[in-house]
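Comments concern the structure below.
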Amino acid sequence: MSNRAPVDVSQGRRGLLFIVSAPSGTGKTTLVERLVRVVPNLKMSRSYTSRPARSGEQHGVDYNFISRDRFDAMVREGAFLEWADVFGHCYGTSAADTEALLADGQDVVLVIDVQGARQVRSRGMETIGVFVLPPSAAILEQRLRGRSKDSEEQVRRRLEVARREVDEFSQYEYMVINDELDPAVERLEAIVRAERARVKLMRPEAENVIRTFRHAENTERKPV
Ligand code: 5GP
């Protein structure tokens, strides 16, 4: 957006790795799509999946849609940073794609389930986890039924999995309750900007500023 402050990213640093997890139907994908539109230098990772594309979804945009055989081959090749079987389909994050973005200094958001998040953490990678909750179980159920892309059986399964997933929230650093979209996006944006303002990331810029103080001090001390 044009009236926003310019990029608050330290130049030349490695990107930050954010993980956003939430029970299915919480609206995390919509939230993160909005987030990456308002925050510069932040990319949403594009996962690989063996699930067939739903109507309106595009290969290379929503997901990289691949066959189950290809997915299994990628697992064997060690191509995934993490992968999981979610509701009977496989989903995975490419290790190479993620590394290329991070090495390029881009901050990356992985929108992955709790199993995937556990795998990334267990690799010892530094991550910033955000758990998104719906306002209540009843509202989640309403949303799942409202989007009407699932059968009754699928809705019940998603709710059952959600009940287990919400217990994992304490493994994450931040929490967003997705009651209304705008405040939830603002909170996510605040999290990204706060993480970017940490002293350890700002050190090179801070040192440039500190140097100007030293320079001023030396000039003052010089005999005239
Ligand atoms: P959907 O089929 O509705 O697009 O996604 C189903 C679930 O798979 C969601 O909870 C989503 O977060 C998860 N998911 C999507 N991509 C990945 C991925 O690359 N890894 C993991 N572990 N989960 C993913």
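May I ask you to verify whether Ser50 is within 12 Å of the ligand (Cβ to nearest atom), at pLDDT 95 or above and touching a strand residue (DSSP E or B) at 6+ places or on another chain (Cβ under 9 Å)? Considered against the rule, which asks whether it is within 12 Å of the ligand (Cβ to nearest atom), at pLDDT 95 or above and touching a strand residue (DSSP E or B) at 6+ places or on another chain (Cβ under 9 Å), Ser50 comes out as yes.
Every test in (1) more than 8 Å from the ligand (Cβ to nearest atom); (2) in contact (Cβ under 8 Å) with a residue 24 or more places away in the chain; (3) on the phi > 0 side of the Ramachandran plot is passed by Gly60 save one, and that test is (2). Scanning the range 120-127 for any residue that is more than 22 Å from Val155 (Cβ to Cβ), β-branched (Val, Ile, Thr) and assigned to a strand (DSSP E or B) turns up nothing. Would you check which residues across the range 65-94 are touching a residue at least 24 places away in the same chain (Cβ under 8 Å), over 19 Å from Arg164 (Cα atoms) and among the small types (Gly, Ala, Ser) and list them? Those that are touching a residue at least 24 places away in the same chain (Cβ under 8 Å), over 19 Å from Arg164 (Cα atoms) and among the small types (Gly, Ala, Ser): Gly92, Ser94. When the residues of the range 78-115 are filtered to those that are among the acidic types (Asp, Glu) and within 11 Å of the ligand (Cβ to nearest atom), which remaining residue is nearest to Val20 (Cα to Cα)? So, considering only residues that are among the acidic types (Asp, Glu) and within 11 Å of the ligand (Cβ to nearest atom), the one nearest to Val20 (Cα to Cα) is Asp113. Scan the range 30-47 for residues that are over 14 Å from Pro134 (Cβ atoms), outside any loop (DSSP other than H, G, I, E, B) and within 12 Å of the ligand (Cβ to nearest atom) and jot them down. Once the filter is applied, which keeps residues that are over 14 Å from Pro134 (Cβ atoms), outside any loop (DSSP other than H, G, I, E, B) and within 12 Å of the ligand (Cβ to nearest atom), the range 30-47 yields Val32, Met44.
With the structure loaded, tell me whether Arg68 is of a type outside the set (Asp, Glu), more than 9 Å from the ligand (Cβ to nearest atom) and more than 20 Å from the chain's Cα centre (by Cα) or whether it fails that test. Working first, answer last.
Numbers: of a type outside the set (Asp, Glu): yes; more than 9 Å from the ligand (Cβ to nearest atom): yes; more than 20 Å from the chain's Cα centre (by Cα): yes.
Considered against the rule, which asks whether it is of a type outside the set (Asp, Glu), more than 9 Å from the ligand (Cβ to nearest atom) and more than 20 Å from the chain's Cα centre (by Cα), Arg68 comes out as yes.
Would you confirm, using the coordinates I've provided, whether Ala84 is closer than 17 Å to Arg157 by Cα and either modelled with pLDDT of 95 or more or exposed (fewer than 13 other Cβ atoms within 10 Å of the Cβ) (or both)? Considered against the rule, which asks whether it is closer than 17 Å to Arg157 by Cα and either modelled with pLDDT of 95 or more or exposed (fewer than 13 other Cβ atoms within 10 Å of the Cβ) (or both), Ala84 comes out as yes. Does Ala216 qualify as being over 18 Å from Val111 (Cα atoms), loosely packed, with under 12 Cβ neighbours inside 10 Å and touching a residue at least 60 places away in the same chain (Cβ under 8 Å)? Judged against the criteria, Ala216 is not a match. Scan the range 3-25 and tell me whether some residue there is closer than 30 Å to Val75 by Cβ, part of a helix (DSSP H, G or I) and modelled with pLDDT of 90 or more. No: zero hits.
The values are calculated or read from the model by the stated rules, or taken from the named source; none is laboratory data. Quick caveat: nothing in here was measured; it's all calculated off a predicted structure. So basically every Cβ, Gly included, is an ideal-geometry build from the backbone, and we count neighbours across all protein chains shown.
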